[in-house]
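Engineer: Pasting a structure here, questions to come.
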Amino acid sequence: MALKSKIPRKQRNFLRKGKLHLIKHVIKAPLSPQLREKYHTRSMGLRVGDLVKIMKGDYKGQTGKIESIQIKKQIVNISNITIEKANGSKSKVPFKPSNLMILELNMSDKWRNKILERKNANKSPSKKEVAKHE
């Protein structure tokens, strides 16, 4: 997704008022070092069912599966992470995708497999990887 303006105000406006099929490309998170080495890519789009680790905030270090994604608000809800409200009911805690790290991918989607195959086909081993194998 390419933004047409470099002006931060216009970029924020685009994310607030933009079309959902363009905004969904912003909902990404970095892969864990093991997945990064396996799939030769740095980040992936989030999907329901991915196992993620929280990297920032009050819940730092906790893990859970993605329960729901709100594309318009750019918010991810994770199972088993709730907060108790004043009236005693429980509410889901919203997280920004940039504060998460993917530990395990949900590979039930055939399109996601094709994306990873396409990315792996274009990657050649880096200098570090070649040095490790020698």
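The values are calculated or read from the model by the stated rules, or taken from the named source; none is laboratory data. Just so we're clear, the structure is a prediction, and the values are computed from it rather than from any experiment. Don't worry about glycine lacking a Cβ; one is built from the backbone with ideal geometry, like all the others, and counts go over all protein chains shown.
Engineer: Could you tell me whether the stretch 86-103 includes any residue that is in a strand (DSSP E or B) and of a type in the set (S, T, N, Q)? Please lay out each step first, then the result.
Structural biologist: Of all residues in the stretch 86-103, those in a strand (DSSP E or B) come to 90-95, 100-103.
Now narrow it down to the ones that are of a type in the set (S, T, N, Q): 91.
Looking for residues that are in a strand (DSSP E or B) and of a type in the set (S, T, N, Q), one finds at least one in the stretch 86-103, hence yes.
Engineer: For the stretch 105-119, how many residues are surrounded by 10 or more Cβ atoms within 10 Å (Cβ to Cβ), farther than 11 Å from residue 47 by Cα and of a type outside the set (Lys, Arg)?
Structural biologist: 4
Engineer: Any residue that is touching a helix residue (DSSP H, G or I) at 6+ places or on another chain (Cβ under 6 Å) and small (Gly, Ala, Ser) - is there at least one of those in the stretch 26-48?
Structural biologist: Yes; the residues of the stretch 26-48 include at least one that is touching a helix residue (DSSP H, G or I) at 6+ places or on another chain (Cβ under 6 Å) and small (Gly, Ala, Ser).
Engineer: Among the residues of the stretch 37-50, write down those that are more than 9 Å from the chain's Cα centre (by Cα), farther than 15 Å from residue 75 by Cβ and either among the hydrophobic types (A, V, I, L, M, F, W, C) or surrounded by fewer than 16 Cβ atoms within 10 Å (Cβ to Cβ) (or both).
Structural biologist: Within the stretch 37-50, 37, 38, 42, 49 qualify.
Engineer: Could you list, in sequence order, all residues of the stretch 60-113 that are within 28 Å of residue 19 (Cβ to Cβ) and among the polar types (S, T, N, Q)?
Structural biologist: Listed by number, the residues that qualify are 68, 70, 74, 77, 98, 99, 106, 108, 113.
Engineer: Those residues that are surrounded by fewer than 15 Cβ atoms within 10 Å (Cβ to Cβ), in contact (Cβ under 8 Å) with a residue 12 or more places away in the chain and farther than 14 Å from residue 27 by Cβ, I need them from the stretch 80-102; list them, please.
Structural biologist: 80
Engineer: All but one of (1) over 30 Å from residue 17 (Cα atoms); (2) at pLDDT 95 or above; (3) surrounded by 13 or more Cβ atoms within 10 Å (Cβ to Cβ) hold for residue 53; which doesn't?
Structural biologist: Failed condition: (1).
Engineer: Further question: Please give the number of the condition residue 72 fails out of (1) at positive phi; (2) in contact (Cβ under 8 Å) with a residue 40 or more places away in the chain; (3) exposed (fewer than 14 other Cβ atoms within 10 Å of the Cβ).
Structural biologist: (1)
Engineer: All but one of (1) of a type in the set (S, T, N, Q); (2) closer than 24 Å to residue 18 by Cα; (3) not in a strand (DSSP E or B) hold for residue 120; state the number of the condition that does not hold.
Structural biologist: It is condition (2) that residue 120 fails.
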